[in-house]
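The next block holds one structure in the form of structure tokens; read it before the comments.
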Amino acid sequence: MANLVHTPECLAFTAQLAAWNARWPAHCPHCGGSGVVYVEGDWVPYGEGNAQLPGGEEPCEHCVEEGKCPQCGQQSFAVDESSADGRFKCTACGWPDADKHPGDRECECWIDDWREEFLEF
């Protein structure tokens, strides 16, 4: 395989993610600092086959449900008085409003390289 060349977008995202991880080394590794995890829906038999109910987001059991901030890891949650729905806010770092996680994204720069090498038409 030829030398992999990352796109500028991939390099920028990788640098942004590395900077966020350096700022928040105690973030929850289970939810990535978001405070929620995606849970698959249950499988329910319907007639001839099986169907899966829709999944959804649930609070992370490793941080939020233990009273820890997903971003800074401290037990410094308080009810956010400015929120109408009574959500929690970290009094130490300002989560969830401050310094959001850049998100999850897989590097796909290898795909074009792979196509050139193995899918020559």
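Considering segment 30-87, the residues that are surrounded by 13 or more Cβ atoms within 10 Å (Cβ to Cβ) and of a type in the set (Val, Ile, Thr) include one that is modelled with the highest pLDDT, namely 37.
For segment 15-28, how many residues meet the condition of being loosely packed, with under 10 Cβ neighbours inside 10 Å and within 26 Å of residue 87 (Cβ to Cβ)? Talk me through it step by step, then tell me what you get.
Taking segment 15-28 first, the residues loosely packed, with under 10 Cβ neighbours inside 10 Å are 22, 25.
Then drop every residue that is not within 26 Å of residue 87 (Cβ to Cβ), which leaves 25.
Total satisfying the criteria: 1.
The values are calculated or read from the model by the stated rules, or taken from the named source; none is laboratory data. As the structure is a computational prediction, the values presented were derived from the model and not from experiment. Virtual Cβ from ideal backbone geometry, glycine too; neighbours counted across all protein chains shown.
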